């Protein structure tokens, strides 16, 4: 009888502690969410984190170290993509021009194009391709496993789709991502890509990111 | 009826079958370096009284031509082959970046700004031709 009373009392305490902990967690989450400003493209709270990866460019390896300390606009595509990829890179060229006066981008910004078509895109061909848009742009690719180390944790999709006659296209994630110097994926800009929107988003998100280290 | 139809087709087929079709704002995006396909964009206008069905796109300057639609599903971009392009009577269909485009593959010579290319398509069973010039995308 007495044991039963103690047991009931313990259960009540455990339930109370669990309730308080859950409530505190919920309140914290609500407060954090309430703290989020209405910035288009901002991924907050809990932005995805870039995982270690290693890809090949014409100038050597591109890895998470290449992104550390920089604000990186990141886009996934392939050079045999006739529509969305050249349009997006042309937009990113306009974004870079618009952000020329933005000190964060001018001093610490970079644009990185990742080809998800390593069978057709050599690192040398990729470099020539992106420099057509802007000589400062970086480009890299890697084996399927190397690509997946980067794309998997980000939720980026890429899949070959046969188009007949031995040819193929690649379905891929269309968004442009903004990675901060701490490797947090703080921004995501979906189609349609508009240079004014992305430039404004970069400025607002980088300001937000610096205030929320 | 069959004889009459054949006679009409022989004598005035092209004018009748594809009457009122025009291709406007035609341009080919200057391709970045590489040997990838290039995209042509234009508006197909059907001022005629008949629905137009366009298929079998061709250009002698390229090994293949295919009409594609860019489709976005949950942030995943897909290219879908369009075997036919249907333009209702009195309507227009716009091919523009991020939407539909004519994909031109395996150019027989470098595709350069200022070059003009003859394109053709079967329109309601007869051939329609138009011309496309290469431009930089930001020069539109």
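The values are calculated or read from the model by the stated rules, or taken from the named source; none is laboratory data. No experiment lies behind these values; they were computed from the predicted model shown. Every residue, glycine among them, receives a Cβ derived from its backbone with ideal geometry; neighbour counts consider all protein chains shown.
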Being closer than 27 Å to residue A:61 by Cβ, part of a helix (DSSP H, G or I) and either touching a residue at least 40 places away in the same chain (Cβ under 8 Å) or over 16 Å from the mean Cα position of the chain (by Cα) (or both) narrows it down to one residue among A:177, A:202; which is it? A:202
Restrict the check to the range B:91-110 and report whether at least one residue is more than 9 Å from chain A (Cβ to nearest Cβ), closer than 18 Å to residue A:164 by Cβ and either modelled with pLDDT of 95 or more or under 14 Å from the mean Cα position of the chain (by Cα) (or both). yes
Is it fair to say residue A:186 is touching a helix residue (DSSP H, G or I) at 6+ places or on another chain (Cβ under 7 Å), in the same structural domain as residue A:68 (by TED's automatic domain parsing), within 30 Å of residue A:212 (Cβ to Cβ) and in a strand (DSSP E or B)? yes
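Scan the range A:138-174 for residues that are assigned to a loop (DSSP other than H, G, I, E, B), surrounded by 20 or more Cβ atoms within 10 Å (Cβ to Cβ) and within 11 Å of chain B (Cβ to nearest Cβ) and jot them down.
Filtering the range A:138-174 for residues assigned to a loop (DSSP other than H, G, I, E, B) gives A:142-143, A:155-157, A:165-166, A:174.
Among the residues that remain, those that are also surrounded by 20 or more Cβ atoms within 10 Å (Cβ to Cβ) are: A:142, A:156, A:174.
Within the range A:138-174, A:156, A:174 meet the criteria.
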For residue B:59: the one exception among (1) in contact (Cβ under 8 Å) with a residue 60 or more places away in the chain; (2) closer than 25 Å to residue A:87 by Cα; (3) more than 11 Å from chain A (Cβ to nearest Cβ); (4) surrounded by fewer than 19 Cβ atoms within 10 Å (Cβ to Cβ): (4)
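Which members of the range B:114-140 meet the condition of being in contact with a helix residue (DSSP H, G or I) (Cβ under 9 Å, 6 or more places away or on another chain), away from chain A (no Cβ under 12 Å) and either crowded, with 19+ Cβ neighbours inside 10 Å or on the phi < 0 side of the Ramachandran plot (or both)? Talk me through it step by step, then tell me what you get.
At the first step, the residues of the range B:114-140 found to be in contact with a helix residue (DSSP H, G or I) (Cβ under 9 Å, 6 or more places away or on another chain) are B:123-128, B:136-138.
Checking which are away from chain A (no Cβ under 12 Å) leaves us with B:123-128.
Of everything in the range B:114-140, those that are in contact with a helix residue (DSSP H, G or I) (Cβ under 9 Å, 6 or more places away or on another chain), away from chain A (no Cβ under 12 Å) and either crowded, with 19+ Cβ neighbours inside 10 Å or on the phi < 0 side of the Ramachandran plot (or both) turn out to be B:123, B:124, B:126, B:127, B:128.
With the structure loaded, tell me whether residue A:96 is under 18 Å from residue A:206 (Cβ atoms), within 14 Å of chain B (Cβ to nearest Cβ) and either part of a loop (DSSP other than H, G, I, E, B) or more than 17 Å from the chain's Cα centre (by Cα) (or both) or whether it fails that test. Give the derivation first.
Numbers: under 18 Å from residue A:206 (Cβ atoms): yes; within 14 Å of chain B (Cβ to nearest Cβ): yes; either part of a loop (DSSP other than H, G, I, E, B) or more than 17 Å from the chain's Cα centre (by Cα) (or both): yes.
So residue A:96 fits the description; yes.
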Which of the residues that make up the range A:38-79 are within 13 Å of chain B (Cβ to nearest Cβ), crowded, with 21+ Cβ neighbours inside 10 Å and either part of a loop (DSSP other than H, G, I, E, B) or over 18 Å from the mean Cα position of the chain (by Cα) (or both)? A:78, A:79
Criterion: in the same structural domain as residue A:91 (by TED's automatic domain parsing), over 16 Å from residue A:109 (Cα atoms) and out of contact with any strand residue (DSSP E or B) (no Cβ under 8 Å at 6 or more places or on another chain) - qualifying residue of A:168, A:132: A:132
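So which of B:94, B:111 is in a strand (DSSP E or B) and surrounded by 13 or more Cβ atoms within 10 Å (Cβ to Cβ)?
Exactly one residue qualifies, and that residue is B:94.
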Residues in the range A:122-130: is at least one buried (at least 23 other Cβ atoms within 10 Å of the Cβ), in contact with a helix residue (DSSP H, G or I) (Cβ under 9 Å, 6 or more places away or on another chain) and assigned to a helix (DSSP H, G or I)? yes
